[in-house]
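J.: Below is one structure. I have some questions about it.
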């Protein structure tokens, strides 16, 4: 009898050991398979964009604006694939805010651009000084304002100089973030060692990454959809949608949902088949609903399209809640502070 009890205890210990999540491995997979490739794409896109701006401002060709807008669209696609990561090197030195100051408040971007043009300091556009300028003028939304305004930015030397400076700044930030992920960050995640202030031990690190993923759902609903949609159609405002000048609201949304699904697919490998399928099915439903939408700029004021958008919001909310519950119960993950808290 005593021997049998010992066997039962040993089997229980063995089962518990097998069931214990390998947080270090999950972090490694997220970093190597999702995060680093996405930031590499951002680095590459911003580098090409920078070169286009340098050429356009030096010798603007007839189609220079077309090339700049195409480079912007590629960079915006790459940013949309990392939009939800609110942990890691992107948090250092206000990099995230400097790269993408949105939503803006009080027409901050136009005011910052006007102030930059009016400033008397000839060195204001040198990289070290520009990095200390208002975050509203440093990033991709400010570049959108220059590229999709009423005039051709390549025909305005002052505006072109500002655009070139922004493009150089974006390329610098992307290279710094991508380089840190490829270096010390992933090395420490592989070893399961802390790298403060970015990440603590494996479980704490994974909780930060998991919080970023769930924050992505909040961003989609509370920042990207509801401000333009509003609860009543009479209050709908397409100009509150992200990237409306460059016709990007729906494109951003689709890429955002796809990248959340990609991150969750990696996380879900460590769940049972039934839970993996529930998460996959839920995300596929959100992707399907997004694919059926008309352009959001017109959709937020169309009764039939609004119903579809609210269906998508309900789907995202359902996914967010189910994902939080499943990963809490199965992997012991919890939701921590996110960059939206307190806003």
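J.: Kindly evaluate residue 305 against the criterion of being buried (at least 16 other Cβ atoms within 10 Å of the Cβ), outside the structural domain of residue 85 (by TED's automatic domain parsing) and farther than 21 Å from residue 82 by Cα.
T.: So residue 305 fits the description; yes.
J.: Out of 184, 159, 175, I need the residue that is at pLDDT 95 or above and in contact with a strand residue (DSSP E or B) (Cβ under 7 Å, 6 or more places away or on another chain). Which one?
T.: Values: 159 fails: in contact with a strand residue (DSSP E or B) (Cβ under 7 Å, 6 or more places away or on another chain); 175 fails: in contact with a strand residue (DSSP E or B) (Cβ under 7 Å, 6 or more places away or on another chain).
Of 184, 159, 175, the one residue that is at pLDDT 95 or above and in contact with a strand residue (DSSP E or B) (Cβ under 7 Å, 6 or more places away or on another chain) is 184.
J.: Inspect the range 229-241 for any residue being over 17 Å from the mean Cα position of the chain (by Cα), over 14 Å from residue 86 (Cα atoms) and surrounded by 23 or more Cβ atoms within 10 Å (Cβ to Cβ) and give the result as yes or no. Give the steps one after another, and end with the answer.
T.: Let us first name the residues in the range 229-241 that are over 17 Å from the mean Cα position of the chain (by Cα), namely 229-240.
Still in the list and also over 14 Å from residue 86 (Cα atoms): 229-240.
Restricting the remaining residues to those that are surrounded by 23 or more Cβ atoms within 10 Å (Cβ to Cβ) gives 229.
Yes, because at least one residue in the range 229-241 is over 17 Å from the mean Cα position of the chain (by Cα), over 14 Å from residue 86 (Cα atoms) and surrounded by 23 or more Cβ atoms within 10 Å (Cβ to Cβ).
J.: Another question, if that's okay. Looking only at the range 97-142, which residues are free of Cβ contacts under 8 Å to residues at least 24 places away in the same chain and part of a helix (DSSP H, G or I)?
T.: Here is the first cut: in the range 97-142, the residues free of Cβ contacts under 8 Å to residues at least 24 places away in the same chain are 105-107, 114-115, 118-124, 126, 128-129, 132-133.
Passing the criteria: 114, 115, 118, 128, 129.
J.: Residue 150 passes all but one of (1) at pLDDT 95 or above; (2) under 24 Å from residue 61 (Cα atoms); (3) not in a helix (DSSP H, G or I); which number fails?
T.: Of (1) at pLDDT 95 or above; (2) under 24 Å from residue 61 (Cα atoms); (3) not in a helix (DSSP H, G or I), only one is false for residue 150: (1).
J.: On to the next question. Would you check if there is a residue in the range 20-31 being modelled with pLDDT of 95 or more, touching a helix residue (DSSP H, G or I) at 6+ places or on another chain (Cβ under 9 Å) and not in a helix (DSSP H, G or I)?
T.: Scanning the range 20-31, I find at least one residue that is modelled with pLDDT of 95 or more, touching a helix residue (DSSP H, G or I) at 6+ places or on another chain (Cβ under 9 Å) and not in a helix (DSSP H, G or I), so the answer is yes.
J.: Please give the number of the condition residue 284 fails out of (1) exposed (fewer than 15 other Cβ atoms within 10 Å of the Cβ); (2) closer than 29 Å to residue 234 by Cα; (3) at pLDDT 95 or above.
T.: Going through (1) exposed (fewer than 15 other Cβ atoms within 10 Å of the Cβ); (2) closer than 29 Å to residue 234 by Cα; (3) at pLDDT 95 or above one by one, residue 284 breaks only (2).
J.: Still on this structure: Quick one: would you say residue 239 is within 16 Å of residue 104 (Cβ to Cβ) and either in a helix (DSSP H, G or I) or not assigned by TED's automatic domain parsing to the domain that holds residue 74 (or both)? Quick ask: steps written out before the conclusion?
T.: Working: within 16 Å of residue 104 (Cβ to Cβ): yes; either in a helix (DSSP H, G or I) or not assigned by TED's automatic domain parsing to the domain that holds residue 74 (or both): yes.
Yes; evaluated as a whole, the condition is true for this residue.
J.: Still on this structure, please answer the following. Has the range 217-225 got any residue that is surrounded by fewer than 18 Cβ atoms within 10 Å (Cβ to Cβ) and closer than 21 Å to residue 25 by Cβ?
T.: There is no residue in the range 217-225 that is surrounded by fewer than 18 Cβ atoms within 10 Å (Cβ to Cβ) and closer than 21 Å to residue 25 by Cβ.
J.: Just to check your reading of the model, which residue among 80, 114, 62, 119 is closer than 30 Å to residue 27 by Cβ and outside the structural domain of residue 218 (by TED's automatic domain parsing)? Before you say what the answer is, go through the steps one by one.
T.: Details: 114 fails: closer than 30 Å to residue 27 by Cβ; 62 fails: closer than 30 Å to residue 27 by Cβ; 119 fails: closer than 30 Å to residue 27 by Cβ.
Only one candidate passes the filter, namely 80.
J.: Next question, about the same structure. Check 183, 192 and return the single one that is in contact (Cβ under 8 Å) with a residue 60 or more places away in the chain and either within 23 Å of the chain's Cα centre (by Cα) or not assigned by TED's automatic domain parsing to the domain that holds residue 56 (or both).
T.: Testing whether each residue is in contact (Cβ under 8 Å) with a residue 60 or more places away in the chain and either within 23 Å of the chain's Cα centre (by Cα) or not assigned by TED's automatic domain parsing to the domain that holds residue 56 (or both) leaves just 192.
J.: Something else about it: Kindly indicate whether residue 263 is farther than 22 Å from residue 22 by Cβ and either in the same structural domain as residue 104 (by TED's automatic domain parsing) or in contact (Cβ under 8 Å) with a residue 60 or more places away in the chain (or both). Spell out how you get there, then give the answer.
T.: Details: farther than 22 Å from residue 22 by Cβ: no; either in the same structural domain as residue 104 (by TED's automatic domain parsing) or in contact (Cβ under 8 Å) with a residue 60 or more places away in the chain (or both): yes.
Spelling it out, it is not the case that residue 263 is farther than 22 Å from residue 22 by Cβ and either in the same structural domain as residue 104 (by TED's automatic domain parsing) or in contact (Cβ under 8 Å) with a residue 60 or more places away in the chain (or both).
The values are calculated or read from the model by the stated rules, or taken from the named source; none is laboratory data. It should be emphasised that the depicted structure is a prediction, and the values quoted were computed from it without experimental measurement. Quick reminder, even Gly has a Cβ in these numbers, built from the backbone with ideal geometry, and neighbours come from all protein chains shown.
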